[in-house]
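See structure below.
The values are calculated or read from the model by the stated rules, or taken from the named source; none is laboratory data. The model shown is predicted, which means the values in this text are computed figures rather than measured ones. All Cβ positions, even for glycine, are placed from backbone atoms using ideal geometry, and neighbour counts span all protein chains on display.
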Amino acid sequence: MNTLLFSAASILLAATVSGFAQSAGGTLSLDVLKDLAPTGKLRAAINLGNSVLAQKDEATDEPKGITPDLARELARRLGVPVELITFDAAGKVFDAAKSGAWDIAFIAIEPVRAGDIEFSAPYVIIEGTYMVPKDSPLKAIADVDRPGVRIAVGPKSAYDLYLTRTIKNATIVRASAGGGRAMIDLFVKDKLEAVAGVKQPLLAYATDHPEVRVMDGHFMEIQQAMGTPKGRTAGAAYLRAFVEDVKRSGFVADALKRSNQSAAVAPPAAK
């Protein structure tokens with residue numbers, strides 16, 4: 001009986017693959033499905049801590065935005081159901097990779113993460129910048145890296161990892177939690193000299209708080225990519241082709257527009 005059930009399941013899966021084999025975004029094979037939907041569904045990690053990428057729908061309490069849209073489109077092309085697994089910080093998404101909690105994730109490319117995640121090229125690029133008190137003597141991005149300056153960051157965020165590698169003189173102070181406004185709350189509570197973060201949420205905060213200002217320019221470009229756990233090579237290759245297709249077709253730009261977010265669509269990957 002078990003053998004018959006296995007054979008029937010294999011025939012059904014093969015038929016599914018055959019039906020989707022020419023799907024735009026890469027060649028779909030049994031190996032791709034095994035990598036991206038090993039449980040029979042696509043488990044997608046959604047980081048609600050970055051409002052550019054995902055937001056919670058107040059009416060349905062479900063995630064919305066560009067990353068849920070991309071996850072649903074990928075599941076449609078694979079011909080499998082999708083499960084959106086939400087996290088409140090990118091660091092928690094990365095930590096969950098080691099336990100096999102998700103099959104795909106939307107997370108910034110960082111060398112520290114590359115040991116555990118197979119990345120696509122970026123689909124959008126967002127800026128990391130600083131917010132400071134309105135009367136701060138810090139005027140330019142380069143002014144921040146000096147002795148006596150304390151920079152609030154969200155732990156294990158892309159900008160935390162980047163600044164940890166590059167800051168020489170200032171002191172990085174990590175919030176107790178990542179995502180959301182934790183680093184801004186730390187900056188305000190402890191009267192720190194600067195807070196690092198994604199530009200759009202910092203600008204939104206500064207709009208309602210005239211006592212602070214967001215610096216012109218940026219200290220890094222955050223390359224937001226799709227990823228799958230290390231070793232899932234067939235799935236990773238499909239993801240790379242999928243990302244190039246949704247950038248080229250306008251899907252990424254349209255998803256950003258639908259969620260009222262502004263970010264730069266990443267250029268095509270170098271060949």
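Descriptive notes on the structure:
- From the list 168, 189, the one residue that fits, being charged (D, E, K, R) and touching a residue at least 12 places away in the same chain (Cβ under 8 Å), is 168.
- Residue check for residue 160: without any contact (Cβ under 8 Å) to a residue 12 or more places away in the chain and of a type outside the set (Val, Ile, Thr): no
- Scan of region 196-225 for residues that are more than 11 Å from residue 130 (Cα to Cα), small (Gly, Ala, Ser) and surrounded by fewer than 15 Cβ atoms within 10 Å (Cβ to Cβ), ordered by number: 204
- When every residue of region 119-138 is checked against the conditions, none turns out to be charged (D, E, K, R) and closer than 24 Å to residue 39 by Cα.
- Residue within region 43-55 that is of a type in the set (D, E, K, R) and touching a Lys or Arg at 6+ places or on another chain (Cβ under 7 Å) present: no
- Residue that is nearest to residue 30 (Cα to Cα), among those in region 87-128 that are touching a Lys or Arg at 6+ places or on another chain (Cβ under 8 Å) and of a type in the set (Ser, Thr, Tyr): 120
- Boolean, residue 193 is crowded, with 18+ Cβ neighbours inside 10 Å, within 21 Å of residue 138 (Cβ to Cβ), in contact with a Ser or Thr (Cβ under 9 Å, 6 or more places away or on another chain) and not polar (S, T, N, Q): yes
- Candidates 255, 234, 269: the one that is in contact (Cβ under 8 Å) with a residue 24 or more places away in the chain, surrounded by fewer than 17 Cβ atoms within 10 Å (Cβ to Cβ) and within 30 Å of residue 30 (Cα to Cα) is 269.
- Filtered residue count, region 154-166, keeping only those that are over 17 Å from the mean Cα position of the chain (by Cα) and crowded, with 17+ Cβ neighbours inside 10 Å: 1
- Here residue 181 meets the list (1) more than 25 Å from residue 119 (Cα to Cα); (2) in the same structural domain as residue 261 (by TED's automatic domain parsing); (3) of a type in the set (D, E, K, R) almost entirely, failing just condition (2).
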